[in-house]
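Student: Take this structure first; my questions come after.
Read-outs throughout are calculated quantities, based only on the coordinates presented, and are distinct from any laboratory measurement. Because the structure is predicted, anything quoted here is derived from the model rather than measured. Cβ: placed from backbone, ideal geometry, glycine included. Neighbour counts: every protein chain shown.
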Amino acid sequence: MNCPKCAGLLIQEVIREHGGQFQGWRCVQCGLRLDKTIVQNRLTAPSEDNPADLDESTSTYSANLARPSGRQKRSARVS
């Protein structure tokens, strides 16, 4: 099975967390972890192709991603 992020090899593993342990997949190249719940949530997430699926908070989030953040580089001064 190939990783959806980097096309690396996914291996099956037991994932242990505070809530217990469960079966999942881990990419040996990038470390991406997937399990049944993650895949299900990605399949049922609202898409940007259908505006009826989006609420205001999602639109605001997408708009914030498009804006540059942090310090901007200035051009060097020549004297």
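Student: If Lys and Arg each add +1 and Asp and Glu each add -1, what is the summed charge of the other residues whose beta carbon sits under 13 Å from the beta carbon of GLN23?
Tutor: +1
Student: Mind checking the full-extension length gain between ARG77 and VAL39? Use 0.36 nm per residue of separation minus the Cα-Cα distance, one decimal, nm.
Tutor: Difference between extended and current length: 8.6 nm.
Student: With every atom except the alpha carbons ignored, what do you get for Rg and Dmax of segment 1-45, in angstroms?
Tutor: Reported Rg and Dmax, both Å: 10.8, 29.
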